[in-house]
Amino acid sequence: MSAGAQFSETSEHEVAALPAPRGPVTEALLHALAGEPGPFPFPRVVAGDPLVDDDLHLALYVCYELHYRGFAEVDDRWEWHPALLDLRGHLERQFETALRDRFAVSDGQRESDVVVALTEIANSPGPSLSHYLRDEASLEQMRDYIVHRSLYQLKEADPHAWAIPRMTGKAKAALLEVEFDEFGSGRADRIHAVLYRNTMDAMGLDSHYGAYLNAVPGLILATVNISSMFGLHRRMRAALAGHLAISEMTSSLANKNTADGMRRLGLGDSTTDFFDEHVIADSVHDVIALHDLVGGLLEQDPAAAGEVLFGATAWTGIDALSGEYLLGCWQKGEPSLRLSGLGSGRPQAD
Ligand SMILES: [Fe+2]
Ligand SMILES: [Fe+2]
């Protein structure tokens, strides 16, 4: 590295290690990131389904991570290097196109009142993942679920923070009100990402930031990437508002079911605290996000309604795919995690 190389100084607990490649795009990206920022060749189109492809979503996750905490062994100047942004743009276009094709907003939704349409989306039946967690999941399946979610929950609410300077007035105040809670309402020990880390510790899992990046498949990484993409693009701020609103509207019950499932398995308060907190917090956040964030945004820009609904339908669709994936793996007795990414420290049941 040159004398000008700059590296993240965040503590080891808070920075992920670079993952192993999963295909030609990540091969090219990870090889480039090991060196000085500069142009590098990469495949323009991925071979698989851009909605779930392992190679695409790991590459996109790594590109986005440079905007969050970076990687200890990667020069921080890569974050804004044109070659990196060129690759990111190619990946985003394929992902966004797939989202808009697969989860298009219906004419009925477009013609409906946005609050009514969002409420219908929130109440539409999806895969019963949280019911399974409540009633049937084994301890090992519950652990796997916590591992899958860790890539997002250990940076929970960070993607939405990108949108703060992109909102004004009532919408901005509402977003800040939700985010203030997500970040602990002034208490570092109540930051929701910290509560999630406590859950992982209590379950004997590795709570280091990004510890399971190699273990989580592209479909689950896509659930993180969609938030980062909406947050990082000003043109998608209405989609981000729709995504936040629908996730808050569906969160309380899902978290209650998960906490109840943990209690069924004999897990204690230090494990369930994160989920119990969300049962209470998100019963308030859903109202703020729906009426003040989305409502405030649409008062300023009524034409943004379609994008609000796109954010909600895209999130609901990709979240449903991830739920179907997990339930399918568990029903077939197949591993849901990429076992090669679990390393030697795979936690065992108590
Ligand atoms: Fe939260
Ligand atoms: Fe929330």
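The values are calculated or read from the model by the stated rules, or taken from the named source; none is laboratory data. This is a predicted model, so every value here is computed, not measured. Counting neighbours? That spans all protein chains shown, and the Cβs are built from the backbone with ideal geometry, glycine included. Note: areas computed on protein heavy atoms with side chains; ligands, DNA, RNA excluded. Shrake-Rupley method; radii C 1.70, N 1.55, O 1.52, S 1.80 Å.
For the reader, a short list of remarks on this structure follows.
- Using the 1.4 Å probe convention, the accessible area of the chain works out to 41 Å² per residue with neighbouring protein chains retained.
- Here region 226-336 is treated as a sphere whose radius is the Kirkwood value from Cα pairs; by Stokes-Einstein at 4 °C and 1.567 mPa s it diffuses with a coefficient of 84 µm²/s.
- MRE, 222 nm, helices only [DSSP H, n ≥ 4, -39500 (n - 2.57), over the chain, to nearest 500]: -18500 deg cm²/dmol
- Note on Lys256: lysines with a C-alpha under 22 Å away, same-chain residues under 8 apart excluded, are Lys155.
- Rel. contact order, % - alpha carbon contacts under 8 angstrom, at least six apart, the chain: 23
- Region 96-126 and region 141-191 have Cα centres lying 23 Å from one another.
- log₁₀ of I(q)/I(0) at q = 0.11 Å⁻¹ - the chain, Debye sum with one point per alpha carbon: -0.73
- Bridgeable aspartates and glutamates around Lys170 (alpha carbons under 16 Å apart, same-chain partners fewer than 8 residues away excluded): Glu179, Asp286, Asp292, Glu299, Asp301.
- As a calculated quantity, the FRET efficiency between Phe180 and Glu136 at R0 = 45 Å, using C-beta atoms, amounts to about 0.80.
- Accessible-area composition of the chain, carbon plus sulfur, in percent [1.4 Å probe]: 54
- Debye intensity ratio I(q)/I(0), log10, region 242-302, q values 0.13, 0.22, 0.24 Å⁻¹ (C-alpha model): -0.41, -0.78, -0.86
- With the convex hull drawn around the C-alpha atoms of region 51-98, the volume per residue stands at 72 Å³.
- For region 12-70 versus region 268-299, the gap between their alpha-carbon centres in whole angstrom: 32
- For q = 0.10, 0.14, 0.15 Å⁻¹, Debye-computed log10 I/I(0) when each Cα of region 1-141 counts as one equal scatterer: -0.52, -0.84, -0.89
- Highest mean first, the peptides 177-184, 212-219, 241-248, 43-50 sorted by other C-beta atoms within 10 Å per residue fall in the order 241-248, 212-219, 177-184, 43-50.
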